[in-house]
1. Counting other C-beta atoms within 10 Å, which of C211, C393 has the fewest, and how do the rest follow?
2. Where does each of Y4, Y281, Y402 land when they are ranked from fewest to most other beta-carbon atoms within 10 angstrom?
3. Per Stokes-Einstein, at 4 °C and 1.567 mPa s, what whole-number D in µm² s⁻¹ belongs to the range 52-159, with the Kirkwood radius over Cα pairs as the hydrodynamic radius?
4. So what J values fall out for the range 417-427 if you push phi through Karplus, 6.51 cos²θ - 1.76 cosθ + 1.60 with θ = phi - 60°, rounded to Hz, Gly and Pro as x?
5. Please quote Rg/Rh for the range 319-426 to two decimal places, taking the Kirkwood radius as Rh and restricting both calculations to Cα atoms.
6. Can you work out the base-10 log of I(q)/I(0) for the range 442-581 at q = 0.09, 0.11, 0.17, 0.18 1/Å, using the Debye formula on its C-alpha atoms alone?
7. For the range 291-400, run through the GluC sites (Glu not before Pro) and keep only the ones in DSSP coil with at most 12 other Cβ atoms within 10 Å of their Cβ.
8. Do any of K93/K488; K440/K488; K359/K417; K359/K523; K410/K488 go past 18 Å between their Cα atoms, and which?
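Just so it is clear, none of the values below were taken in a lab; they were calculated from the coordinates. The structure presented is a predicted model; accordingly, all values stated were derived computationally and were not measured. Neighbour counts run over all protein chains shown; Cβ positions are idealised from the backbone, glycine included.
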Amino acid sequence: MWQYIKRYAHFAIIAALFMGGEVLMDLIQPGLMRRIVDDGVLGLNNNGVGNMELVWHLGVRMIGMVLIGCCFGSLNNVFVNMVSQNMGNDLRKDTFRKIMTFSFPQIESFGAGSLITRITNDVTQVERLIAQFVRGMVRTVLMTIGSLYFMYTLSPDFAFIVLCALPFIIGTMAFCLRKVNPLFALQQEKLDGVNDVLQEDISAIRIIKACVRETYEKLRFGKANGDLIKTQLKVLLTLAFMGPVVNMLMNLTIAAILWYGARDVLEGTASPGSIMAAITYTTQLLMGIMMLMMLFQNISRGFISWKRLASVLHLKPEIQDGEYADSTAGNGLIEFRDVSFAYPGSNKNVLEHINLTIKPGETVAIMGSTGSGKTTLINLIPRFYDVTEGSVCIDGMDVRDYKVSALRNKVAVALQKSELFSTSIKENIAWGNPDAADEKIENAARIAQAHEFIAPLEQGYDTVVAERGMSLSGGQKQRVALARAVLKESPIMIFDDATSALDLKTEASFYNDLAKTSPHSTKIIVAQRIASVRRANRILILENGTVIAEGTHKDLLKNCAIYQDIYQSQVGDIAPDENKSENELLTQITRNNAAQEKENTVTQSSRTGEGVSTHE
Ligand SMILES: Nc1ncnc2c1ncn2[C@@H]1O[C@H](COP(=O)(O)OP(=O)(O)OP(=O)(O)O)[C@@H](O)[C@H]1O
């Protein structure tokens, strides 16, 4: 934490000096009050004759000191806030930057909700810790020492009484804080839980409504929130006992001083003014101790929050940069050399001994049943994960030897679930290439078949997209994401089911235009549809993490039973004819889909009919 504080240590020192000034003003006042009572009102040094002029004079001095103390206190607040807010700002930025360097498993290990809590609530707790430390701690220490000194000058007995009471007061506070301390950590964990549910529910609000799961989610949120409230109540109950006990001890201390003081006044060894001053000092001192109690609570919470932030800040990113920083050399050769992969925390290989070379400019399609490992395979190219065994090489160099940014500049990725940001369509397309000229952006949109829906919009490319692209249809979102990948002009392009929401004609136009405009890029297409993969130079069939067949569309139609099955189910041919033209094939697939849909509807309505008649 020191590395963050020391950047603003000068503000902290200035704040402490102003606090010293404020405390000094507070400490001088009881002495003036004693003189007003003893000399001004009672005239103890003037045979019982009071002095109103002295009362006025000292009164004005007291008011002046209050005003100066107020200025010092305000300036102290200004500098304390400068330390805490600047430090909080740095912490928030550094934590965010650090999260950006984490691998997916590292992010998953914290959970999105917990990371949000850390960057918001935990940073606020640390800001509070710093503010209270610089303000409250300095004040309490100076006030305690000063009050004890001035009380000692009034009467050593008064100082002795307070010194006797202090261990009981501090002991009570320490006891309660020890009990409550572990609860603070639990409280932050419960807050993580609330944020986890909240962010999951807000991002999945459509499906929650579609499946009418609002009540279930309300209960889930209620449970997480209930857990948080229970923990908070435990904290508050423990602290509720501490306040009154400390208050009682403080009042007993004041009563003891009054009792002692009254006896001294009767014996003539102390003046009424000095008793009043002693009580003011005691109150100031004990109020300071009470403040310390609050301070310790916030300090405990702050340290727990700091630990949670430190566990993010000190975590070493799993994906480390290599030495090689040139993203322009090479032309997109991809090699998987005996690659096996298991997800972190699992000992089951999702990919098994994959050997694969994809030549520059080649288009390779990957098909396979769900869960066969297609996405996992392509995720290894931009190092979203590191291989467990073997190596993935790009242009002859292991991907782990590249600087991560250089590697990722060589690869453009479009995913099935298109992530859009709440900014203009233009900025969304230019996300991977922010300096791109407008013509280039439009050209990329034309290739992605997006221009046709963007151009008629009132604001065209400047139309602002709602959060996560909610204002666009699935197909429109995918086309914007495709344009983004195209604009990157990377030597390697990966499309992971990225055209699944497009109709067959639009998809075919996209791949045709892409082949014309980026003939030298290496393209990997993960898809389930024959129409999407048909034109690829090579098609791989993946099953249980291994490549079980490989060849052109023609080869596979002849030799691969799985591919023949897929073809028949999608095209509807009994005897596949590989010489069909693009248009013929698309028309046949569309007809086949329509026939299948009709068949499904008939089956469903006949079932419903049966249901009704049975019911009747
Ligand atoms: N983050 C993850 N952590 C652990 N296991 C995972 C993770 N992602 C995927 N898997 C597992 O790895 C296997 C392969 O998943 P992958 O997403 O690569 O399949 P896929 O062929 O792309 O499937 P689909 O066609 O359904 O997208 C699956 O069994 C899946 O459960």
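1. C211, C393
2. Going from least to most buried by this count: Y4, Y402, Y281.
3. D, rounded to a whole number, is 72 µm²/s.
4. 8, 7, 8, 10, 10, 7, 9, 5, 4, 4, 5
5. Radius of gyration over Kirkwood radius for the range 319-426 works out to 0.98.
6. Debye intensities relative to I(0), on a log10 scale: -0.32, -0.47, -0.98, -1.06.
7. The qualifying sites are E323.
8. With Cα atoms farther than 18 Å apart: K93/K488; K359/K417.
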